[in-house]
1. ³J(HN,Hα) across segment 101-116 via Karplus (A = 6.51, B = -1.76, C = 1.60, θ = phi - 60°), whole Hz, x for Gly/Pro?
2. Roughly speaking, what is the centre-to-centre gap between segment 10-31 and segment 50-128 when only Cα atoms are used, to the nearest Å?
3. Treat every Asp and Glu Cβ in the chain as -1 and every Lys and Arg Cβ as +1, leave all other atoms uncharged, and give the resulting dipole magnitude about the Cα centre to the nearest 20 debye.
4. Counting only helical runs of four or more DSSP H residues, what would the 222 nm mean residue ellipticity of the chain come to if each run contributes -39,500 (n - 2.57) and the total is spread over all its residues?
5. Helix 80-89: angle to the longest alpha-carbon principal axis of the chain, degrees 0 to 90, nearest 10?
6. From the C-alpha gyration tensor of the chain, pull out the three semi-axes of the equivalent ellipsoid (sqrt of 5λ each), sorted largest to smallest, in whole Å.
7. Against the longest alpha carbon principal axis of the chain, how many degrees, from 0 to 90 and to the nearest 10, is the axis of helix 17-26 turned?
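Each reported figure results from applying straightforward, stated rules to the coordinates on display, with no laboratory input. These numbers come from a predicted model, not from an experiment. For neighbour counting, all protein chains shown are included, and Cβ atoms are generated from backbone atoms with ideal geometry for every residue, glycine included.
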Amino acid sequence: MADKVSLDHCVIHVSDWERAKAFYVDVIGAVAIRRGRGYAFRLGDRQLNCHGPGIDPDPVARLPVQPGNSDICFCWDGPIENAIAHLGRSSVEIELGPVTRFGGQGQGKSIYFRDPDGSLMEFISYHG
């Protein structure tokens, strides 16, 4: 294959647009992009497209994504201890970690937590 392929966006489903916006902007650090009645959340040149109330997307996966059934890992650009402190300041409970995990850049340290709909979120750090 001569052409390079990389991830552009993925889809999550949210049950409440404003609650999701607060979480993905304040906790994850995304930029909210208004799209019709809802939002997409951009992280650099990658994006989380969202399905949610008032949106009738087409096409969708054979089993469409539902609120709470996503599992997403974000790179934390710094020591994992800083991510732990950030989640604490944001009143987000850590479910697991820090633990050693193997991600897109090799071995790192991860912590796991949930978005407001219950989807599993992960911060992985490759620092230290």
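1. Calculated HN-Hα couplings, in order: 9, 10, x, x, 10, x, 7, x, 10, 10, 10, 10, 7, 10, 7, x Hz.
2. Rounded to whole Å, the Cα centres lie 11 Å apart.
3. Details: 13 positive and 16 negative charges, 33 e Å.
For the chain, the charge dipole is close to 160 debye.
4. Working: 2 runs with 20 residues, N = 128.
Mean residue ellipticity, 222 nm, calculated: -4500 deg cm²/dmol.
5. 60 degrees
6. Numbers: eigenvalues 124, 73, 35 Å².
The three semi-axes for the chain are 25, 19, 13 Å.
7. 30 degrees
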